[in-house]
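Asks: Below is the structure I would like to discuss, written out as structure tokens.
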Amino acid sequence: MIDPKLLRQSTDEVAANLARRGFEFDAAGYLALDERRKALQVETESLRKERNSSSKAIGKAKAQGEDIEPLLAAVQELGDKLDQNEAELQAVQEELRDIELGLPNLLQADVPDGVGDEDNVEVRCWGEPVEPDFEARDHVALGEALGMLDFECASKMSGSRFAVMRGQLARLQRALIQFMLDVHTGEHGYVETYVPFLVQSQALVGTGQLPKFEADLFKTTTETPFYLIPTAEVPVTNFARDVIFEADELPLRYTAHTPCFRSEAGSYGQDTRGMIRQHQFEKVELVQFVAPGDSERALEELTGHAEVILQRLELPYRVVVLCSGDTGFGAAKTYDIEVWLPGQGKYREISSCSNYEAFQARRMGARRRNPESGKPELIHTLNGSGVAAGRALIAIMENYQQADGSIRVPQALQPYMAGATAIYG
RNA sequence: GGAGAGAUGGCUGAGUGGUCGAAAGCGCUCCCCUGCUAAGGGAGUAAGGGUUAAAAGCCCUUCGAGGGUUCGAAUCCCUCUCUCUCCGCCA
């Protein structure tokens, strides 16, 4: 959520910033509605004040044994007017909030302009894509030939966009997760967490998936609906809901391995082959809570933490900064890490690291006590994949494939694979 | 799943219709005194919002959540949620 004060006072600047995303903000409409809110609120509060003082007077008069009948009559009409005003005010406030919840975050000044992913800007590149001296296969061909990756089997129970893995391939994914968690907790100062995979709507409003992107989520039909988490960002970031941190508690760094569930509405036809885009996948997530002045530096660090994983796995990748049109709803700035996939002959997203600044914090009341003023202020939140396990698995299969269809195990993972150096069919 | 108890400020805990946003204690901050390892005295100490260019001040809201009764609700009524204890059941 954008600071409502900023929305009122610098409406044109806000509108111009949002326009960089291709988002059209009806500034005039918003301001008109806010004017109505202001008038109603001032009036309602003064009515309440009147009622409060009258009630006190009645109490006093009664205590002194005076006749309170005339006082009661005077307050009576006031109550009706107040009820009406309160109802009207509430309606206007809800309307304003709906608008505010639907506005994307302001972009940082250094986010490049652009419309789609073709306009993202490469920031750096690591490793050299190696051309094998045989025809590179993609992970589907490799996995199926090994007898360890089975989409048909998955479709029997769950339909499309699910996978079944068996044997050493299933174990390799587990090894990856274990490895990533060990690096982040042991070397990058993250606290490992275990969190619910089902959350209620207010948690998703807090992180920004709701109310706008309900169609991308799986939802239960229980009386109070639960949503399957689309990312561990949702439960972990909500740790900070309604919390006022002491200044010396920050920064806080949390990591979690969870499955992620996405209905991927509107993605039909894209990546229908293989494990790139699934309804269910495993991910290790990184989340940070930092002081408002520290988030830009924290984003660089967090992105670096995700990069370390790919470096240890010796997977070539590049980092791109997302352009204005491609940056996600709540993010002020996002780096995507794209790993080289020989089977596709291109770089594909394996991690997305974003600085949300106060966008999520404002939605969920995440604050810290400012050490100078002693007053609460909104913190900044960040998160990034560190990294997506399913896609990392694909990257390993395709980058470590041998001419005979076997797959070498990256050195960093061998300790997690009982010393195995390769996977054979 | 069954039975009971509870939810108040950073914490403990009082408060059953009227100056209660809330006693007291603890904690914390500042000041004073004292002087030596600890003690004494005083003051202050919730959050959100409105008004303001901003601040001060003033005002509104909030005692688990939502609704109701009332001129007036932490206090009365209804619904829900959560926590604790016991029983049952389970991983």
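Asks: So, in region A:56-95, how many residues would count as being outside any helix (DSSP H, G or I) and either within 22 Å of residue A:40 (Cα to Cα) or within 11 Å of RNA strand B (Cβ to nearest atom) (or both)? Quick ask: steps written out before the conclusion?
Replies: Of region A:56-95, the ones outside any helix (DSSP H, G or I) are A:64-68.
Narrowing the set further to residues that are either within 22 Å of residue A:40 (Cα to Cα) or within 11 Å of RNA strand B (Cβ to nearest atom) (or both) leaves A:68.
Counting residues in region A:56-95 that are outside any helix (DSSP H, G or I) and either within 22 Å of residue A:40 (Cα to Cα) or within 11 Å of RNA strand B (Cβ to nearest atom) (or both) gives 1.
Asks: Just name the residue that is farthest from RNA strand B (Cβ to nearest atom) out of those in region A:363-386 that are more than 14 Å from the chain's Cα centre (by Cα) and assigned to a strand (DSSP E or B). Lay out the reasoning, then the answer.
Replies: Of the residues in region A:363-386, the ones more than 14 Å from the chain's Cα centre (by Cα) are A:365-379.
From the residues that got through so far, the ones that are assigned to a strand (DSSP E or B) too are A:367-369, A:376-378.
Details: A:367: 6, A:368: 10, A:369: 7, A:376: 4, A:377: 8, A:378: 8 Å.
Top of the filtered list is A:368.
Asks: Same structure again: Of all residues in region A:114-141, how many are β-branched (Val, Ile, Thr), farther than 18 Å from residue A:344 by Cα and surrounded by 17 or more Cβ atoms within 10 Å (Cβ to Cβ)? Break it down stepwise before answering.
Replies: At the first step, the residues of region A:114-141 found to be β-branched (Val, Ile, Thr) are A:115, A:121, A:123, A:130, A:140.
When the remaining residues are screened for being farther than 18 Å from residue A:344 by Cα, the result is A:115, A:121, A:123.
Checking which are surrounded by 17 or more Cβ atoms within 10 Å (Cβ to Cβ) leaves us with none.
Residues flagged as β-branched (Val, Ile, Thr), farther than 18 Å from residue A:344 by Cα and surrounded by 17 or more Cβ atoms within 10 Å (Cβ to Cβ) within region A:114-141 amount to 0.
Asks: If you don't mind, another one. Would you please name the residue that is farthest from RNA strand B (Cβ to nearest atom), looking only at residues in region A:18-31 that are closer than 19 Å to residue A:101 by Cβ and assigned to a helix (DSSP H, G or I)?
Replies: A:18
Asks: Please verify whether region A:213-226 includes one or more residues that are in contact (Cβ under 8 Å) with a residue 60 or more places away in the chain and of a type outside the set (A, V, I, L, M, F, W, C).
Replies: For region A:213-226, residues in contact (Cβ under 8 Å) with a residue 60 or more places away in the chain and of a type outside the set (A, V, I, L, M, F, W, C): absent.
Asks: Consider region A:107-141. How many of its residues are free of Cβ contacts under 8 Å to residues at least 60 places away in the same chain and under 24 Å from residue A:23 (Cβ atoms)?
Replies: 2
Asks: Kindly check whether there is at least one residue in region A:170-186 that is among the charged types (D, E, K, R), in contact with a Lys or Arg (Cβ under 8 Å, 6 or more places away or on another chain) and at negative phi.
Replies: no
Asks: Select from region A:139-170 the residues that are part of a helix (DSSP H, G or I) and of a type in the set (Asp, Glu) and write down the one among them that is farthest from residue A:341 (Cα to Cα).
Replies: Residues of region A:139-170 that are part of a helix (DSSP H, G or I), as a first pass: A:139-146, A:151-158, A:167-170.
Checking the rest, the ones that are also of a type in the set (Asp, Glu) come to A:144, A:152.
On the way: A:144: 17, A:152: 23 Å.
Only one residue fits best here, namely A:152.
Asks: Quickly run through region A:184-209 and pick out the residues that are buried (at least 19 other Cβ atoms within 10 Å of the Cβ) and part of a helix (DSSP H, G or I).
Replies: A:184, A:203, A:204, A:206, A:207 - these are the residues of region A:184-209 that are buried (at least 19 other Cβ atoms within 10 Å of the Cβ) and part of a helix (DSSP H, G or I).
Asks: Would region A:268-284 turn up any residue that is of a type in the set (Lys, Arg) and over 30 Å from residue A:140 (Cβ atoms)?
Replies: First, the residues of region A:268-284 that are of a type in the set (Lys, Arg): A:273, A:277, A:283.
Narrowing further to those that are over 30 Å from residue A:140 (Cβ atoms): none.
No, region A:268-284 contains no residue that is of a type in the set (Lys, Arg) and over 30 Å from residue A:140 (Cβ atoms).
Bear in mind that the values in this text are calculations on the coordinates, not laboratory data. Remember, predicted model here, so these are calculated numbers, not experimental data. Note that we place each Cβ from the backbone using ideal geometry, even for glycine, and neighbour counts take in every protein chain shown.
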